[in-house]
Amino acid sequence: MEFQQERHIGDILKEKNIILKGADVATRGGFTQVPNFLLKAKNLSAGDKLAFAMLLSYAWQNDHCFPGQQRLAVDMGLHETNVRKHLKSLEANGLLEITRRGQGKTNIYTLNLKVRRH
């Protein structure tokens, strides 16, 4: 039996030669693919899904992300209190692990891209 190692999605995407024609202000900064299981999750609010997508957009660049909640709030157009609520929901649903690094430092967010069966 052949063992097949899991590959990171970033590595897979790097193998593709994709040409984007007509890039404008909206597309020049890139885009983020969001897994369909997340988009269709009935137990997540629209804000939860946006928070996941925002974290994913940061992580695609370096395979990890640690934005501050203030940065998330600005990018999502929400108050920091609402950002924390959405992050807690993602954590409670097994889609996000939050590693706190101490006062004055941003958290490290680990996204779970595998569907968790209930």
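Quick notes
- Qualifying position, being modelled with pLDDT under 55 and either of a type outside the set (D, E, K, R) or within 24 Å of His79 (Cβ to Cβ) (or both), among Gln4, Gln33: Gln4
- In segment 63-115, the residues that are surrounded by 13 or more Cβ atoms within 10 Å (Cβ to Cβ) and small (Gly, Ala, Ser): Gly68, Ala73, Ser89
- In segment 21-30, residue modelled with the lowest pLDDT [restricted to those that are exposed (fewer than 10 other Cβ atoms within 10 Å of the Cβ) and over 22 Å from Arg71 (Cα atoms)]: Lys21
- Just one residue in the set Gly68, Gly47 is of a type outside the set (S, T, N, Q), under 17 Å from Leu111 (Cα atoms) and modelled with pLDDT of 95 or more; that residue is Gly47.
The values are calculated or read from the model by the stated rules, or taken from the named source; none is laboratory data. From a predicted model like this one, the values you see are computed outputs, not experimental measurements. Positions of Cβ are generated from backbone atoms using ideal geometry, with glycine treated the same way; all protein chains shown enter the neighbour counts.
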